[in-house]
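Reviewing the structure listed below.
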């Protein structure tokens, strides 16, 4: 049976596509070495539009209006600039009420993009550009530790990893956040409250790595300008031991959080990348696996959600669970030596 | 005599669900179509595979192992028609529900006419309406354009104007739709369905043909102010669903080709079989089908050939699960729990499950939470669906479910319950049926495939439905009463075919079971007390013939609408007593 793979790897090759939201200019070249904050692409993105309906304003037919329009596609128009002028003894001038760029002209109308925003796409992680995607972005390769999570707020940033925990279920509160943490990526367990998030934003921090996050904090976390990743999901779960050990052992290193939302269809997951200096080639991780004895696995549901174990055996046939449901199961040895039975669909391979 | 194009032929059906792909063989046995066997495999719709064909081939391969037949050749192509050596299949149908919810923008004129119908149309597929634009929309055209752009729709449904009626207003809005599509990158442009004033078809083609990867047309869903006809547009929307899925994931094009480009959404196909059954039923009584799985809650109700189909992705048990809390409170879910669980645990579970919808509950506590969530999701979905039922449903304003016979229950619900008794209690709580009805489980998910088969073979569904391929839970007698808890409300005496009998007195607030096996019939005498009723057509004393099932004859004397005790401990105690009763 195919099983999802959750990457928690101390050393691997990571290749990630970084794309502009709209077509633009890619500013890096093939084989170029980039830092996380380097701009690799730029685009102008207008989120708003403005329509000038000459037909309606002058009460004429669309074809007549077309003949009166004095601007063309791609023209940049200032506020108050003439866009059409009528004929006659006393010509009437139509002016744009907004500044913008003409994107379409026809049927007696002028459609403009307004509120132009310049988008700068950062590399997001140190590495080498292995492919340039014209007008869109690039694929960057780096070697280092990779820790994937379960929930992310969609932001991306890089900073020094600062461990604020003594154990993976520690609760972070606002009083522990001081100016010395400005610009850091903070490794915490759970969050006490929304105030903690607001204080972190005020510092500001560059990111938060949590074991899990309470559903009540999700709306606030979504609005934070810095990336937040919850490694083991939503609720009050401690961080899985493999991820926790890997993160704590890499404290003080430059770390990137790409807190992309977990999407089963596209395969995107929030992740933490810690680039490491290596001389030899490191293989890329497998994206798909089949469950086999001896594998390290992570439980995705209660009663051991987030726990790490070793798959001991796959039982044949169906087994009745304490819930009464019947499912294909595996016997899994937990780190404390306890053997448990887990439905195969509740497992993911760590690797 | 109905005409069958596939008489004496075998039919292979494949249904691609969010978590499981089913391959089902139907064939002729003793002159009747029968469900022969089922093969299933995990669906391979998610990353990194993103190719449904792997799951489809595995499910068919499982079916081949069970039946000993060969349906797929070495080059992984369907063998069709059946060969002299016994390999292959005469007909093939497929349905699909897997995949992310499609985002839809609805465009129409009047909110309570074309826009309302367009929303109803959107609910016949796995769509979520994310933006609505109409005549009463006071936004400026460029604001409407920006609204469409930020909605990022997969589908735009254009309606408005009765045939030969208003055209100027709808053309004005269509202009904004065209401009919005023009501004989108080509790869992200939505499929457009025009189901409005038919005199505008040429104008719509002229405006939008080059701005959408697929511009489709259907007859007007509101040909006149007083008429609504969703059926042709729903069929077209079903095809749009398949087209979008083809663009989203690999393997869909091959499956669609195997069906002769008739791959349809599972919910639509299920709706079609319900409409068909309500048509041949002809008794004037409604037929209800419900299902709940990762992708959606589905309520399909048929009344004399008229279908009300509602697909609610927002109430599905998958990625959209936290969205349920936009329609109900956590306290309402807590009301359905038979174990003492903290609200924070329920909330955490709901969110965590949305991250990993494929997981199954291991502990009794988690299972109780899933069952409580399912009850609430199904209950909210049914209430919303009832508000859209046609006049034939005789919906009353007392908050009660209209009378249906039978109630068909989809495989999604069955898979979450370990016993038929637990499934029954979930359904009684969530649906609260009235009168005397039967509940039938479609544990093998056959209904969508029967709906797909019905398009070219109207004998097959009838034969299979009559064949015992479905599991009847039994006959349900629902008592309505204003008596206080513990008051005697009903005496029931069941006389079996061998002359023996079984009698029970039922108090208000109780569930009682009279044993009656699958397929067995018996005479049931009912006597009500304390001004209690069972149905408007039954007096205080009545006798009727009933059919048994896995559970038997179930008397639900908890009243309608069901009112649960406010005290949590008392409520849990009652739940556990009902549970132990239905579990036997």
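The values are calculated or read from the model by the stated rules, or taken from the named source; none is laboratory data. Because the structure is a prediction, the values reported are computed rather than measured. Because the Cβ atoms are built from the backbone with ideal geometry, glycine has one as well, and the counts that use them run over all protein chains shown.
Put simply, of B:339, B:350, B:324 the only residue that is assigned to a loop (DSSP other than H, G, I, E, B) and under 23 Å from residue B:423 (Cα atoms) is B:339.
Selection of strands (runs of 3 or more DSSP E) fully inside the stretch B:469-551 by the criterion of at least 1 residues being touching a helix residue (DSSP H, G or I) at 6+ places or on another chain (Cβ under 9 Å) returns B:471-478, B:510-514. Among the candidates B:121, B:179, B:171, the residue that is closer than 30 Å to residue B:18 by Cα, assigned to a helix (DSSP H, G or I) and touching a helix residue (DSSP H, G or I) at 6+ places or on another chain (Cβ under 8 Å) is uniquely B:121.
Does residue A:95 satisfy the criteria of being surrounded by fewer than 18 Cβ atoms within 10 Å (Cβ to Cβ), within 14 Å of chain B (Cβ to nearest Cβ) and either out of contact with any helix residue (DSSP H, G or I) (no Cβ under 7 Å at 6 or more places or on another chain) or more than 16 Å from residue A:54 (Cα to Cα) (or both)? In short, no.
Conditions tested, residue by residue: (1) surrounded by fewer than 15 Cβ atoms within 10 Å (Cβ to Cβ); (2) within 14 Å of another protein chain (Cβ to nearest Cβ).
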site	(1), (2)
A:130	yes, no
A:142	no, no
A:149	no, yes
A:162	no, no
A:169	no, no
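One residue stands out in the stretch B:126-149 among those that are part of a loop (DSSP other than H, G, I, E, B) and more than 9 Å from chain A (Cβ to nearest Cβ): the one that is nearest to residue A:50 (Cα to Cα), namely B:139. Kindly check whether there is at least one residue in the stretch A:113-122 that is under 37 Å from the mean Cα position of the chain (by Cα) and farther than 30 Å from residue A:29 by Cβ. Scanning the stretch A:113-122, I find at least one residue that is under 37 Å from the mean Cα position of the chain (by Cα) and farther than 30 Å from residue A:29 by Cβ, so the answer is yes. Screening residue B:50 on (1) surrounded by fewer than 18 Cβ atoms within 10 Å (Cβ to Cβ); (2) touching a helix residue (DSSP H, G or I) at 6+ places or on another chain (Cβ under 9 Å); (3) more than 14 Å from every other protein chain (Cβ to nearest Cβ) shows it passes everything except condition (3). Here residue B:469 meets the list (1) modelled with pLDDT of 95 or more; (2) farther than 29 Å from residue B:570 by Cβ almost entirely, failing just condition (1). Only one of the listed residues (B:147, B:151, B:94, B:180) is touching a strand residue (DSSP E or B) at 6+ places or on another chain (Cβ under 6 Å) and crowded, with 22+ Cβ neighbours inside 10 Å. That residue is B:94.
Residues of the stretch B:184-201 being in a helix (DSSP H, G or I) and within 21 Å of residue B:134 (Cα to Cα), which ones? Within the stretch B:184-201, B:198, B:199, B:200, B:201 meet the criteria.
Can you name the residue in the stretch B:29-47 that is part of a loop (DSSP other than H, G, I, E, B) and touching a helix residue (DSSP H, G or I) at 6+ places or on another chain (Cβ under 7 Å) and is also farthest from the other protein chains (Cβ to nearest Cβ) among such residues? Per the criteria, the residue is B:43.
Remark: residue B:304 matches the filter, which requires a residue to be away from chain A (no Cβ under 13 Å), touching a strand residue (DSSP E or B) at 6+ places or on another chain (Cβ under 9 Å) and surrounded by fewer than 21 Cβ atoms within 10 Å (Cβ to Cβ). For the stretch B:288-309, the count of residues that are at pLDDT below 90 and within 25 Å of residue B:424 (Cα to Cα) is zero.
Only residues that are farther than 16 Å from residue B:294 by Cα and more than 7 Å from chain A (Cβ to nearest Cβ) were counted across the stretch B:335-369, and they come to 14. Whether any residue in the stretch A:335-351 is part of a loop (DSSP other than H, G, I, E, B), more than 13 Å from chain B (Cβ to nearest Cβ) and surrounded by 14 or more Cβ atoms within 10 Å (Cβ to Cβ) is what I want to check. Yes.
Checking the stated criteria, residue B:255 turns out not to satisfy the condition of being farther than 23 Å from residue B:93 by Cα and modelled with pLDDT of 95 or more. Among the residues of the stretch A:252-298, the ones that are at the interface with chain B (Cβ under 9 Å from one of its Cβ atoms) and part of a strand (DSSP E or B) come to 1 in all. Under the condition of being away from every other protein chain (no Cβ under 14 Å) and not in a loop (DSSP other than H, G, I, E, B), the residues counted in the stretch B:150-161 number 4. Taken over the stretch B:54-81, the criterion of being buried (at least 18 other Cβ atoms within 10 Å of the Cβ) and over 31 Å from the mean Cα position of the chain (by Cα) is satisfied by B:69 alone. State yes or no: is residue B:382 at pLDDT 95 or above, closer than 14 Å to residue B:299 by Cα and either out of contact with any helix residue (DSSP H, G or I) (no Cβ under 7 Å at 6 or more places or on another chain) or not in a strand (DSSP E or B) (or both)? Answer is yes for this residue. When you check residue A:181 against the structure, is it under 20 Å from residue A:253 (Cβ atoms), in the same structural domain as residue A:256 (by TED's automatic domain parsing) and surrounded by fewer than 24 Cβ atoms within 10 Å (Cβ to Cβ), yes or no? It is true that residue A:181 is under 20 Å from residue A:253 (Cβ atoms), in the same structural domain as residue A:256 (by TED's automatic domain parsing) and surrounded by fewer than 24 Cβ atoms within 10 Å (Cβ to Cβ). In the set (1) surrounded by 14 or more Cβ atoms within 10 Å (Cβ to Cβ); (2) assigned to a strand (DSSP E or B); (3) within 14 Å of chain B (Cβ to nearest Cβ), residue A:17 fails one condition alone, (1).
Does residue B:374 qualify as being under 26 Å from residue B:475 (Cα atoms), in the same structural domain as residue B:274 (by TED's automatic domain parsing), touching a helix residue (DSSP H, G or I) at 6+ places or on another chain (Cβ under 9 Å) and crowded, with 17+ Cβ neighbours inside 10 Å? When the stated conditions are applied, residue B:374 does not pass them. Screening B:242, B:278 for residues that are closer than 30 Å to residue B:21 by Cβ, at pLDDT 95 or above, part of a helix (DSSP H, G or I) and away from chain A (no Cβ under 14 Å) leaves exactly one candidate, B:242.
Residues that are part of a strand (DSSP E or B) and either within 14 Å of another protein chain (Cβ to nearest Cβ) or more than 24 Å from residue A:5 (Cβ to Cβ) (or both) within the stretch A:313-333 comprise A:319, A:320, A:326, A:327, A:329, A:330, A:331, A:332, listed in sequence order.
Total residues in the stretch A:183-217 satisfying the condition of being assigned to a helix (DSSP H, G or I) and more than 14 Å from chain B (Cβ to nearest Cβ): the figure is 9. The single condition among (1) assigned to a strand (DSSP E or B); (2) in contact (Cβ under 8 Å) with a residue 40 or more places away in the chain; (3) surrounded by 18 or more Cβ atoms within 10 Å (Cβ to Cβ) that residue A:119 does not satisfy is (3).
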